[in-house]
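Working notes, beginning with the structure itself.
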Amino acid sequence: MVGFSTTPSNSLLDILKVAIPVGVGLASIAYLGTKLAGNSEKGGFSKDKSIPFVPIREGDATHDAEFDEDPDEFLRRCEQTYGPVFNLRVFNQNLTCVSGPVYIRELFGNEDLSFTDSLDALTAWYTFSASVRKSNNNPDNPNPHHVVKDAISPNMALYTPRIVQRMEDVIDLHLGHCENKVIDNAAFVATEMTAAAMADVYMGSALAKERKIINSFIQCTYDFGMMLNLHHHRSLWSILTNRLNYGVVNPLQKHVQILKEAAEIVLQERSDLEAEALRFGKEYKKPVDIMQSMTDNASKYGYHDMEDLMGHLLILVLASVHTTTVAVSSLIYYFGAFPEYIEPLFEEVQEALDQQTADNDELRQAKLSAGEVSSLAEFEGTDLDPKNDRALTEKVVRKLVKMNSFVRETFRYQVKRLFGAHLARKDVALSNGMRITRGATAMANVTSVHFNEELQGEETAEFRPFRFVGKSKNANKASVDMLQFGMGRHACPGRFLAVHEIVIAGALIVSKYSKIEIQNKALTKMMLLDTLGMTPPSPIIFTSRGVKPVALENAPLL
Ligand code: HEM
């Protein structure tokens, strides 16, 4: 059993390497292709003879070596020589690659080309998800979209201070006020920050402080990854083994039970408080979180019971925590690789906070002049309490356009160059007449859009963190020029929360630390392209901004 409550051990880091994030599922699975080789009974090239097979380099058995040497150069050469659609043998799979905005849009936009069928072909995903939830098990089940839409987006302003608080607690605990502090695994801090923030949004502030809840939020993804690897026997029968094992011995069941027991207590307490308030004719405001929203809407969503509801919640946790953690880790590595941007990003946060203070002052003065309040003291405890003027509110976070652009540029730069595998449910004709035949797997040539100057602006090979400022290209937009979250009807519904959290994490880090450095600079490039983001090859060095807070002035430097 892997614990995450202490400093991560080497064995844990090994597990982090094999963990499969569901949201970025196939990108990571493709990345881990060698481990999953042969784990699929489906997939393969399109059988359309007009789609060329890129010849394999002499001496190689597959395209992997050429791809690994320089994926962008390789994919560009394939596209230039063989056209926008071509077949490759990479990641121990036979894949049809689709290039350019027109065909990639068709790949993501056609319901007969299925992302989840492809995930299922590699991992027996459908059997797995049916083993943790009792209802809504149709492969095209829209339930997760509805839950996210109902519970997250309308409440972002309420979640913001809670996300900030949880993340700040983790930063203060693990990094604290420091000078040249060497952190061997910054991903550990990112994991704790993300899990705590997500736990608050999913289950409320009280449960988000409980270690067993945080552990489940972190560990469920690793258990899923482990399960895939443990049951992988590199044989055609392995997929069947997976299907059997998921049903019989699913380690994720224990997380469902942990979350269920904790949730039942808190939900009962809330119910009791509501009943009591009703008895005394008082108003009771239910805490806002996903668990509460799922409970209140249980019959609308068709959940069978609390265990079923928690199974659904766990699947969402699987989609959220690891994916967002990887993005937060990457952000830290990119700060370390491009330290010259830390000051401009810090100044942007300060300007947004100054603006908020000025706006609040104006509102307070207006209320005083109108006689709505008689003194400043009356603002205490309200949104206009001067104590909140420098809080990272939702409004402030939305103003951080440079940070948002920085995040989007890390997505653009880092995403795997072959991404978004889709399995054809039936023959699908692309607009150039080529067909992705039934049972074939097609993937997007990401280089053709993420490194395309018409779509991204100049010098796409360069990391230019502010390239999207003023261009209305928010990091949370899912479109053909930003495939991180997929696109079309199935585009990640959690991307608004994910980007909000990543921007908050960035704002907190640059506000607290003026110097962030990659210790072993020779490993910088490797860190920038590490899409699992969990085992940084080099430690990161942090130095705090400003003087040590008064409360800490007698404490030793961490
Ligand atoms: C940086 C973090 C994240 C990344 C990179 C990411 C990426 C993705 C991708 C690539 C897909 C597949 C899209 C497609 O089929 O075209 C997806 C689906 C999904 N994501 Fe995310 N995701 C992230 C965070 C989240 C969060 C925070 C949540 C929930 C709050 C979430 C919930 C989901 C769900 C429910 C789906 C399935 C949608 C469907 O099949 O229709 N994701 N995500």
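The values are calculated or read from the model by the stated rules, or taken from the named source; none is laboratory data. Since the structure is predicted, the reported quantities are computational estimates derived from the model, not experimental observations. Quick reminder, even Gly has a Cβ in these numbers, built from the backbone with ideal geometry, and neighbours come from all protein chains shown.
Note on the range 222-276: among residues that are small (Gly, Ala, Ser) and crowded, with 16+ Cβ neighbours inside 10 Å, the one that is modelled with the lowest pLDDT is SER238. The set of residues from the range 152-188 being within 16 Å of the ligand (Cβ to nearest atom), among the hydrophobic types (A, V, I, L, M, F, W, C) and modelled with pLDDT of 95 or more comprises MET156, LEU158, ILE163, MET167.
Would you confirm whether any residue within the range 486-500 is within 13 Å of the ligand (Cβ to nearest atom), among the aliphatic types (A, V, I, L, M) and in contact with a strand residue (DSSP E or B) (Cβ under 9 Å, 6 or more places away or on another chain)? Yes: the range 486-500 contains one or more residues that are within 13 Å of the ligand (Cβ to nearest atom), among the aliphatic types (A, V, I, L, M) and in contact with a strand residue (DSSP E or B) (Cβ under 9 Å, 6 or more places away or on another chain). Going through GLY311, GLY336, GLY302, GLY281 one at a time, which residue ends up being more than 28 Å from VAL503 (Cβ to Cβ) and surrounded by 24 or more Cβ atoms within 10 Å (Cβ to Cβ)? GLY311 is the lone residue from the list that is more than 28 Å from VAL503 (Cβ to Cβ) and surrounded by 24 or more Cβ atoms within 10 Å (Cβ to Cβ). When ALA370 is tested against (1) surrounded by 13 or more Cβ atoms within 10 Å (Cβ to Cβ); (2) more than 16 Å from the ligand (Cβ to nearest atom), exactly one condition is not met: (1). In the range 397-418, the qualifying residues are those that are assigned to a loop (DSSP other than H, G, I, E, B) and touching an Asp or Glu at 6+ places or on another chain (Cβ under 9 Å), and the one that is nearest to ALA461 (Cα to Cα) is ARG417. Out of contact with any Lys or Arg (no Cβ under 6 Å at 6 or more places or on another chain) and either within 16 Å of the ligand (Cβ to nearest atom) or within 19 Å of VAL148 (Cα to Cα) (or both): does that describe ILE315? Yes: the conditions hold for ILE315. Here ALA190 qualifies as touching a residue at least 60 places away in the same chain (Cβ under 8 Å), out of contact with any strand residue (DSSP E or B) (no Cβ under 6 Å at 6 or more places or on another chain) and assigned to a helix (DSSP H, G or I). Of the residues in the range 419-441, none is modelled with pLDDT of 95 or more, within 23 Å of the chain's Cα centre (by Cα), not hydrophobic (A, V, I, L, M, F, W, C) and not in a loop (DSSP other than H, G, I, E, B). Scanning the range 320-338 for residues that are more than 15 Å from ILE214 (Cα to Cα) and within 8 Å of the ligand (Cβ to nearest atom) yields THR323, VAL326, ALA327. A count restricted to the range 159-187 and to residues that are among the charged types (D, E, K, R), assigned to a helix (DSSP H, G or I) and touching a residue at least 40 places away in the same chain (Cβ under 8 Å) stands at 3. Would you mention how many residues in the range 373-396 are part of a helix (DSSP H, G or I) and loosely packed, with under 13 Cβ neighbours inside 10 Å? Summing the residues that are part of a helix (DSSP H, G or I) and loosely packed, with under 13 Cβ neighbours inside 10 Å in the range 373-396 gives 2. If you check LYS426, LYS473 for being touching a strand residue (DSSP E or B) at 6+ places or on another chain (Cβ under 8 Å), over 14 Å from TYR103 (Cα atoms), surrounded by fewer than 24 Cβ atoms within 10 Å (Cβ to Cβ) and of a type outside the set (Gly, Ala, Ser), only one passes: LYS473. Within the range 193-228, the set of residues being farther than 15 Å from HIS255 by Cα and not in a helix (DSSP H, G or I) comprises GLY204, SER205, ALA206.
Looking for something assigned to a helix (DSSP H, G or I) and touching a residue at least 40 places away in the same chain (Cβ under 8 Å) - is there at least one such residue anywhere in the range 512-526? Among the residues of the range 512-526, at least one is assigned to a helix (DSSP H, G or I) and touching a residue at least 40 places away in the same chain (Cβ under 8 Å), which makes the answer yes.
Whether a residue is away from the ligand (no atom under 16 Å from the Cβ) and in contact (Cβ under 8 Å) with a residue 60 or more places away in the chain was assessed, and HIS304 passes this test. Any idea how many residues of the range 111-138 are within 14 Å of the ligand (Cβ to nearest atom), outside any helix (DSSP H, G or I) and in contact with a His (Cβ under 8 Å, 6 or more places away or on another chain)? Within the range 111-138, residues that are within 14 Å of the ligand (Cβ to nearest atom), outside any helix (DSSP H, G or I) and in contact with a His (Cβ under 8 Å, 6 or more places away or on another chain) number 4. Taken over the range 82-111, the criterion of being aliphatic (A, V, I, L, M) and at pLDDT below 95 is satisfied by VAL90, LEU95.
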